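Enquirer: Below you'll find the structure I mean.
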Amino acid sequence: MLRVLTAAEMREADRATIQDRHVPSLVLMENAAFAVTRCLAERFADLERAKVLVLCGKGNNGGDGLAVARQLLVRHPGLDLRVVVLAEPEDLSPDALANLKMLAAQDHRPLVASTPDRWQALLPDLSDSTVIVDAVLGTGLSGPVRGIPAQVVSDVNAGFRNATVIAADMPSGLGSDSGRLLGGTMRADHTVTFTAPKASQVLPPSCERVGTLEVAAIGTAGSVLDALPGPRVLLSEASDAAEYARPRALAAHKGTCGHVIAVGGSRSKPGAILMAGTAALRAGAGLVTVATAAGASQTIITATPELMLERGRELPDGTLGPDSFDEGIFDGKTVAALGPGLGTSRSNVALAGQVYEKCPLPLVVDADGLAAVRLGIPRSAPTVLTPHPGEMARLVGTDTGTIARNRLQVVRQAASRTGAVVVLKGQRSLIASPDGDTAVNPTGTPGMATAGSGDILTGIVAGLMAQFPDRPLFETVAAAVYLHGLAGELASNDLGEQGMLATDIGRHLADTRRAIET
């Protein structure tokens with residue numbers, strides 16, 4: 001997983017690199033410019049025929065842009081290059097000024113647009129630009145962009161629609177520390193960020209302004225990031241999930257791949273627990289038993305004959321209650337899953353509470369099972385909770401609007417108060433451990449907004465937990481969420497966002513390993 005940084009963490013990483021590790025700041029800036037220049041060369045095979053505009057602010061992000069311009073001139077002497085500096089030279093940061101002087105040594109004189117009028121006067125001659133390097137504002141922004149940078153952001157977004165925008169470190173106007181949009185923001189097609197992703201680049205909705213994201217090492221050692229204090233935000237990568245998709249040992253058999261028991265469903269609603277059980281099998285569990293209402297059993301076994309059944313005694317309404325199963329139901333099992341299709345009556349919740357409190361196995365709780373979760377009373381066995389925003393709101397006693405505005409804080413709070421690994425589902429699902437470490441999942445598609453998608457996730461999580469009991473639970477859950485989202489992307493590619501069903505996610509799980517390997 002990649003470490004994701006706030007602005008304060010990035011400042012500390014830079015300070016430690018420059019002051020403690022004795023890497024000159026101009027060297028870091030040169031490396032950053034090289035990463036952007038390399039990106040331009042890779043993305044534009046005909047760069048010499050492009051009309052390149054580099055927009056530079058007065059701070060160190062502007063210095064990055066000036067260094068990019070200089071490196072472009074060295075590598076592409078005939079390039080149609082225009083550089084606009086949005087400040088007078090005396091107002092530039094020391095490193096930006098140093099790069100301005102080095103650019104002048106290449107016989108290139110940037111245009112200066114330190115006021116809105118001067119910028120407006122330049123606009124007609126810049127409007128034919130086909131490539132724009134955005135180096136106006138970096139990671140230090142804490143409020144809405146103002147002044148000449150705001151005007152530039154607005155004009156580029158509105159008037160340069162045929163140009164490809166490459167952001168150096170950060171699309172101008174984007175804050176660093178959350179997914180909230182502070183105000184006007186440059187819409188980048190590609191962002192080359194330095195050292196580590198920033199929180200706003202991986203969290204919605206601000207991540208939608210970043211385009212494709214590339215992380216470039218510029219000279220800060222990994223040990224510097226490891227030394228940063230406090231709980232971490234991490235970005236899941238394909239390599240993390242690939243650890244759970246490797247070929248099995250030749251001697252593997254169903255008994256070595258874990259046994260999942262999934263508790264839920266009812267006579268009239270067998271589908272959710274069926275999907276969870278089937279997904280656990282497709283995720284690789286050796287054996288899966290579905291513990292459900294007796295009236296649901298024929299539907300389940302007909303749909304997926306590989307599932308085993310534990311037929312529970314039904315209540316009159318065809319659902320399960322606290323007396324539906326005998327003691328010993330969990331004997332011989334590896335992992336339990338609770339909740340899909342269980343129901344929300346008092347008797348259903350009583351059964352969920354019974355399982356939640358007494359089940360000795362690692363437990364995945366979703367859907368109706370979440371009604372049994374008690375904040376501040378951690379289970380003794382490993383536990384995973386997978387609420388969507390509405391379920392999370394009920395769990396912590398707030399509303400979905402508050403959840404949407406404070407996703408990172410809420411999921412960490414829930415994990416701390418339950419002692420569980422908590423998955424807050426949605427765009428860029430968050431996975432939080434009780435110690436505060438939180439993974440951001442980058443996979444998924446709007447096509448997964450369909451009934452049963454969460455039940456498939458429950459099964460995948462349980463299936464991986466059953467196969468890999470010795471791996472850190474936080475990492476296992478993050479990998480399951482990644483694979484779930486990737487399978488959804490593959491299903492969407494085949495069927496379209498509107499046409500895919502939750503079961504299609506499960507059917508595409510087998511394809512995720514090949515996708516990760518390539």
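The values are calculated or read from the model by the stated rules, or taken from the named source; none is laboratory data. Note that the structure is a prediction, hence the values are computed from the model and not measured. In this analysis, Cβ positions are derived from the backbone assuming ideal geometry, glycine residues included, and neighbour counts consider all displayed protein chains. Quick note on the areas: whole protein, heavy atoms, side chains included, nothing else; ligands and nucleic acids left out. Shrake-Rupley method; radii C 1.70, N 1.55, O 1.52, S 1.80 Å.
Enquirer: What number of residues within the stretch 68-125 satisfy the criterion of being of a type in the set (Asp, Glu), part of a helix (DSSP H, G or I) and under 26 Å from ASN31 (Cβ atoms)?
Expert: Here is the first cut: in the stretch 68-125, the residues of a type in the set (Asp, Glu) are 80, 88, 90-91, 95, 107, 117, 125.
Cutting the leftovers down to part of a helix (DSSP H, G or I) gives us 90-91, 95, 117, 125.
Next, only the ones that are under 26 Å from ASN31 (Cβ atoms) stay: 91, 95.
Residues in the stretch 68-125 being of a type in the set (Asp, Glu), part of a helix (DSSP H, G or I) and under 26 Å from ASN31 (Cβ atoms): 2 in total.
Enquirer: Among the residues of the stretch 224-270 satisfying the criterion of being touching a strand residue (DSSP E or B) at 6+ places or on another chain (Cβ under 7 Å) and among the charged types (D, E, K, R), which is farthest from ALA291 (Cα to Cα)?
Expert: ARG232
Enquirer: Here is a follow-up. Filter the stretch 459-518 down to the residues that are among the acidic types (Asp, Glu) and in a helix (DSSP H, G or I), then identify the one that is nearest to THR386 (Cα to Cα). Lay out the reasoning, then the answer.
Expert: The initial filter retains those residues of the stretch 459-518 that are among the acidic types (Asp, Glu), namely 470, 475, 489, 494, 497, 504, 511, 517.
Remaining after also requiring in a helix (DSSP H, G or I): 475, 489, 494, 504, 511, 517.
Working: GLU475: 15, GLU489: 20, ASP494: 27, ASP504: 20, ASP511: 24, GLU517: 27 Å.
Here the answer is GLU475.
Enquirer: Okay, next question. Report, by residue number, each residue of the stretch 246-267 that is out of contact with any Asp or Glu (no Cβ under 8 Å at 6 or more places or on another chain), surrounded by 15 or more Cβ atoms within 10 Å (Cβ to Cβ) and assigned to a loop (DSSP other than H, G, I, E, B).
Expert: The first filter runs over the stretch 246-267 and keeps only residues out of contact with any Asp or Glu (no Cβ under 8 Å at 6 or more places or on another chain), leaving 246-260, 262-263, 265.
Narrowing further to those that are surrounded by 15 or more Cβ atoms within 10 Å (Cβ to Cβ): 257-260, 262-263, 265.
Matches in the stretch 246-267: CYS257, GLY258, GLY265.
Enquirer: State the number of residues belonging to the stretch 71-86 that are more than 16 Å from VAL156 (Cβ to Cβ) and surrounded by fewer than 23 Cβ atoms within 10 Å (Cβ to Cβ).
Expert: Looking only at the stretch 71-86, we keep the residues that are more than 16 Å from VAL156 (Cβ to Cβ), and these are 71-81.
Subset that is surrounded by fewer than 23 Cβ atoms within 10 Å (Cβ to Cβ): 71, 73-81.
Count: 10.
Enquirer: Could you tell me whether any residue of the stretch 153-169 is in a loop (DSSP other than H, G, I, E, B) and in contact with an Asp or Glu (Cβ under 8 Å, 6 or more places away or on another chain)?
Expert: Going residue by residue through the stretch 153-169, those that are in a loop (DSSP other than H, G, I, E, B) are 160-163, 169.
Remaining after also requiring in contact with an Asp or Glu (Cβ under 8 Å, 6 or more places away or on another chain): 169.
Among the residues of the stretch 153-169, at least one is in a loop (DSSP other than H, G, I, E, B) and in contact with an Asp or Glu (Cβ under 8 Å, 6 or more places away or on another chain), which makes the answer yes.
Enquirer: Sticking with this one: Taking the stated definitions as given, is GLY506 farther than 19 Å from GLY264 by Cβ, more than 13 Å from the chain's Cα centre (by Cα) and open to solvent by less than 10 Å² (accessible area, probe 1.4 Å)?
Expert: Working: farther than 19 Å from GLY264 by Cβ: no; more than 13 Å from the chain's Cα centre (by Cα): yes; open to solvent by less than 10 Å² (accessible area, probe 1.4 Å): yes.
So GLY506 does not fit the description; no.
Enquirer: Something else now. Scan the stretch 272-286 and report the pairs whose first residue is part of a loop (DSSP other than H, G, I, E, B) and whose second residue is polar (S, T, N, Q) and open to solvent by 10 Å² or more (accessible area, probe 1.4 Å), with Cβ atoms within less than 9 Å and a gap of 6+ or a chain change.
Expert: Cβ pairs passing all conditions: ALA283/GLN467; GLY284/GLN467; ALA285/THR334; ALA285/GLN467; GLY286/THR256; GLY286/THR334; GLY286/GLN467.
Enquirer: Additional query: Test each condition in (1) open to solvent by 10 Å² or more (accessible area, probe 1.4 Å); (2) more than 23 Å from ALA113 (Cα to Cα); (3) without any contact (Cβ under 8 Å) to a residue 60 or more places away in the chain for ARG3 and report the one that comes out false.
Expert: (3)
Enquirer: Please go through the stretch 60-70 and pick out each residue that is open to solvent by less than 30 Å² (accessible area, probe 1.4 Å) and either over 19 Å from ALA167 (Cβ atoms) or not charged (D, E, K, R) (or both).
Expert: ASN61, GLY62, GLY63, GLY65, LEU66, ALA67, VAL68, ALA69
Enquirer: Six or more apart or on different chains, Cβ atoms under 8 Å: show the pairs whose first residue is in the stretch 489-515 and within 16 Å of GLY444 (Cβ to Cβ) and of a type in the set (A, V, I, L, M, F, W, C) and whose second is open to solvent by 70 Å² or more (accessible area, probe 1.4 Å) and in a helix (DSSP H, G or I).
Expert: Going by the 8 Å Cβ cut-off, the qualifying pairs are ALA491/ARG507; MET500/ASP494; LEU509/ARG282.
Enquirer: Looking at the stretch 76-97 only, could you name the residues that are farther than 25 Å from LYS51 by Cα and either among the acidic types (Asp, Glu) or touching a Pro at 6+ places or on another chain (Cβ under 7 Å) (or both)? Let's see the steps before the verdict.
Expert: Pass one, the stretch 76-97, residues farther than 25 Å from LYS51 by Cα: 90-95.
If the condition is that a residue be farther than 25 Å from LYS51 by Cα and either among the acidic types (Asp, Glu) or touching a Pro at 6+ places or on another chain (Cβ under 7 Å) (or both), then GLU90, ASP91, ASP95 are the ones that fit.
So that you can scan it fast, the table gives a plain yes or no per residue for (1) open to solvent by 20 Å² or more (accessible area, probe 1.4 Å); (2) modelled with pLDDT of 95 or more; (3) under 36 Å from the mean Cα position of the chain (by Cα):
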site	(1), (2), (3)
ALA296	no, yes, no
LEU307	no, yes, yes
ARG313	yes, yes, no
ASP323	yes, yes, no
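Enquirer: Tell me which residues, restricted to the stretch 41-58, are surrounded by 20 or more Cβ atoms within 10 Å (Cβ to Cβ) and either farther than 18 Å from MET170 by Cβ or touching a residue at least 60 places away in the same chain (Cβ under 8 Å) (or both).
Expert: Taking the stretch 41-58 and keeping what is surrounded by 20 or more Cβ atoms within 10 Å (Cβ to Cβ), we get 52-58.
Within the stretch 41-58, VAL52, LEU53, VAL54, LEU55, CYS56, GLY57 qualify.
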